[in-house]
Amino acid sequence: MFDLIIKNANLPDGRSGIDIAIQKDRIAEVASGIDAEAAEEIDASGRLVSPPFVDPHFHMDATLSLGLPRMNRSGTLLEGIALWGELRPILTREALVERALRYCDLAVSQGLLAIRSHVDTSDPRLVTAEALIEVREKVAPYIDLQLVAFPQDGYYRSPGGVDALNRSLDMGLDIVGGIPHFERTMADGAASVAALCRIAADRGLPVDMHCDETDDPLSRHIETLAAETVRFGLQGRVAGSHLTSMHSMDNYYVSKLIALMAEAEINVIPNPLINIMLQGRHDTYPKRRGMTRVRELMDAGLNVSFGHDCVMDPWYSMGSGDMLEVGHMAIHVAQMAGVDDKKKIFDALTINSARTMGLEGYGLEKGKNADLVILQARDPLEALRLKANRLTVIRRGKVIARSLPRLSELVIEGRPTRLDASDFYPSLPG
């Protein structure tokens, strides 16, 4: 007898009519027509069952702070940075914890059960680190939260930045971060990459850097990051986030760069919502949108995952905690509208992001953690098109969130009275 069986599920790999049996906190069996009793049974009714969504790039210390101490009137990156500089000195641990926990509630409702958050270490008080370490402990039963030591104002540029980052790692942050393009010079940026990779190698930690978040095609710190990754033997443990300058680089240089990144096994994390909002602000027309070369990087075999980055904070007044919204935007900006393209986009929100974060036990196979989401859609393509409702969210075999189906009532003579957008699923050959 199992604890839970999900009947008649469609899986992201295309299988349909599948049952998933769960015993305690693990998936016990994945097969058609499992004939067994269970304490609880959920009929997926041909809907998509996915592993949970994963956000490998977020700023939980800033989330839900929109309007504090004022609004970003221009909506630009530079005003957002200035605003955060005004807010940071008045941050309290209690307020940080409260906002972060509220965001985690929202994340769970969206089937988002793993998050990597960058933690600003530029304030020597390190109240952000203290708060998010507390949050990490509080949400551990329902969210895997990883914390990056992030020198927001520059590792070298910020007074005391070197010491503060090291102290934050001593406190228990998980990952070494950086922001080389924000250092005062290109040389300082390159030096920061080398120093931070050495720290990661010495401490046995991964690396995740904000890298080249600019329209400047000469911002090439990802080249240095890839080279230092190889030098220190960190292959597969390093992520380059944003990489928006690649949007503006010439193709010959990029052909060399991508090969080096592949050799270093760099994990690539574009942030579609924020990248297209904040980049290209110096352009009139034609106007660059700033997202990195997603298709080319995927085609080269690099692990590409997407981050939400911000939700209602000084940099981005929008956001919903919905990773399908992130993927929906990526389809449009990367012009990846093909059937196989969309499947790759969905993977970038789930299995690729789990690989970036090094999550153990992730997936829908026997023996994996019983973490999954039932969506109001038939397959990943429809989930992305509809930004599908999460009907049931399960963590370690326990239901932790439910939503009613999203339905509309029509009052039109001669037409159906009930409308479910997921019923408009097309009949596709093959």
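The values are calculated or read from the model by the stated rules, or taken from the named source; none is laboratory data. Just so it is clear, the structure is predicted and the values come from calculations on it, not from any experiment. A quick note on method: Cβ atoms are made from the backbone with ideal geometry, for glycine too, and the neighbour counts reach across all protein chains shown. The protein model used for the area step is the full one, side chains on, heavy atoms only, and it has no ligands, DNA or RNA in it. Shrake-Rupley method; radii C 1.70, N 1.55, O 1.52, S 1.80 Å.
Pick from the range 359-398 the residues that are touching an Asp or Glu at 6+ places or on another chain (Cβ under 8 Å) and of a type in the set (A, V, I, L, M): which of them is most open to solvent (accessible area, probe 1.4 Å)? Top of the filtered list is LEU359. Restricted to the range 367-389, and to residues there that are of a type in the set (Asp, Glu) and part of a loop (DSSP other than H, G, I, E, B), the residue that is farthest from the chain's Cα centre (by Cα) is ASP379.
For VAL97, are the conditions met, namely being among the β-branched types (Val, Ile, Thr), closer than 27 Å to LEU324 by Cα, in contact with a helix residue (DSSP H, G or I) (Cβ under 9 Å, 6 or more places away or on another chain) and not in a strand (DSSP E or B)?
Criteria met by VAL97.
Scanning the range 135-154 for residues that are open to solvent by 10 Å² or more (accessible area, probe 1.4 Å), in contact (Cβ under 8 Å) with a residue 12 or more places away in the chain and in a loop (DSSP other than H, G, I, E, B) turns up PRO141, TYR142, GLN152, ASP153. Applying the condition of being out of contact with any helix residue (DSSP H, G or I) (no Cβ under 6 Å at 6 or more places or on another chain) and at positive phi to the range 309-339 and asking which residue is surrounded by the most Cβ atoms within 10 Å (Cβ to Cβ) yields GLY319. Give me the pairs: first residue in the range 213-233 and closer than 15 Å to THR244 by Cα, second residue acidic (Asp, Glu) and open to solvent by 50 Å² or more (accessible area, probe 1.4 Å), beta-carbon distance under 8 Å, and six or more apart or on different chains, which are they? Close Cβ pairs (under 8 Å, with a partner that is acidic (Asp, Glu) and open to solvent by 50 Å² or more (accessible area, probe 1.4 Å)) amount to PRO217/ASP250. Among the residues of the range 30-46, are any open to solvent by less than 10 Å² (accessible area, probe 1.4 Å) and outside any loop (DSSP other than H, G, I, E, B)? So far as the range 30-46 goes, no, none of its residues is open to solvent by less than 10 Å² (accessible area, probe 1.4 Å) and outside any loop (DSSP other than H, G, I, E, B).
Considering the conditions (1) open to solvent by less than 10 Å² (accessible area, probe 1.4 Å); (2) outside any strand (DSSP E or B); (3) within 25 Å of ILE20 (Cβ to Cβ), LYS342 is excluded by exactly one of them, (1). The residue of the range 88-119 that is farthest from PRO314 (Cα to Cα), among those that are open to solvent by 40 Å² or more (accessible area, probe 1.4 Å) and polar (S, T, N, Q), is SER109.
When LEU83, LEU173, LEU87, LEU132 are checked against the criterion of being assigned to a loop (DSSP other than H, G, I, E, B) and either touching a residue at least 60 places away in the same chain (Cβ under 8 Å) or under 17 Å from PHE58 (Cβ atoms) (or both), LEU173 stands alone in meeting it. If you check GLY319 against the conditions, is it in a loop (DSSP other than H, G, I, E, B), closer than 19 Å to GLN279 by Cα and touching an Asp or Glu at 6+ places or on another chain (Cβ under 7 Å)? Against the criterion (in a loop (DSSP other than H, G, I, E, B), closer than 19 Å to GLN279 by Cα and touching an Asp or Glu at 6+ places or on another chain (Cβ under 7 Å)), GLY319 does not qualify. For the range 63-85, enumerate the residues that are open to solvent by 70 Å² or more (accessible area, probe 1.4 Å) and within 22 Å of GLU183 (Cβ to Cβ). LEU78 - this is the single residue of the range 63-85 that is open to solvent by 70 Å² or more (accessible area, probe 1.4 Å) and within 22 Å of GLU183 (Cβ to Cβ).
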